[in-house]
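Read-outs: derived from the displayed coordinates by stated rules, not from any lab. Bear in mind the structure is a predicted one, so any value in this text is a computation, not a measurement. Cβ: placed from backbone, ideal geometry, glycine included. Neighbour counts: every protein chain shown.
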Amino acid sequence: GLMLTAAGFELHDLGKNIRPEVFVDTAEQVGAQVIGMSVMTNSSLAYCEQIVELLKQRGLRERYGVMIGGAAATPAVAERLGISYGTDANEAVNLVRAFVAGARPVIAPDPHQAPRDMGKSAFATVG
């Protein structure tokens, strides 16, 4: 979260082990553009799946950039869920910049690309 804040983004850190409804409800309430999840254990991947499914059920999936990172996150998991993956905090910043610019990246874009606009994001650690 610190890197995103330092890059000028408004960050809403929801904490650990957050229910999927809280992610989605908070994203709607604060006008987030990106939902990011730090996945630290394999058992937490179920929360990511539930969040993506809830977004689909509510017809909101296309409204948000959704991304994961953390010890249990992998490009294969992100691909299976149809979301983006970042290997570290720098890639997270680049992914959020790309989302705010209107892209839907699966991997981080060129790190030297300047953002066109800053945005809001809701992040939490889910395990």
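For a test of the definition: using alpha carbon positions, the gyration tensor, and the 1.5 limit on a/c, classify the stretch 45-108 as rounded, prolate or oblate.
Working: a/c = 2.20, a/b = 1.16, b/c = 1.90.
Here the stretch 45-108 falls in the oblate category.
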Once amide H atoms are built 1.01 Å from N in the peptide plane, which residues 5 or more positions from ARG58, or in another chain, come under 5 Å H to H? none
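Give me the net charge for the shell around LEU2: Cβ to Cβ below 14 angstrom, other residues only, Lys and Arg +1, Asp and Glu -1. Walk me through the numbers before you get to the answer.
Values: positive: none; negative: GLU10, ASP13, ASP88.
Charge balance in the 14 Å sphere: -3.
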For SER84, list long-range residues whose amide hydrogen, built 1.01 Å from N in the peptide plane, is under 5 Å from its own amide hydrogen. VAL66, MET67, ILE68
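For GLU21 and GLU62 in the same chain, what is the full-extension length gain: residue separation times 0.36 nm, less their Cα-Cα distance, in nm? Intermediate values should be presented prior to the final figure.
Working: separation 41, 0.36 × 41 = 14.76 nm, distance 1.69 nm.
Gain in length upon complete extension: 13.1 nm.
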Positive-pole candidate from VAL52, HIS12, THR26, dipole of the stretch 1-53, charges at beta carbon: HIS12
Gain upon complete extension [ALA89, THR5; 0.36 nm per residue less C-alpha separation]: 29.1 nm
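So if I place +1 on the C-beta of Lys and Arg and -1 on the C-beta of Asp and Glu, and nothing else carries charge, what would the dipole magnitude of the stretch 1-51 be about its Cα centre? I want it in debye, nearest 20. Walk me through the numbers on the way to the answer.
Working: 2 positive and 6 negative charges, 36 e Å.
Approximately 180 debye in magnitude.
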Sorted by average packing, counted as other Cβ atoms within 10 angstrom per residue and highest first, what order do 30-37, 92-99, 18-25 take? 92-99, 30-37, 18-25
Length-normalised contact order of the stretch 1-59 in % [C-alpha pairs under 8 Å, at least 6 apart]: 32 percent
Residue-count net charge about ALA89 - beta-carbon cut-off 14 Å; Lys, Arg +1, Asp, Glu -1: -2
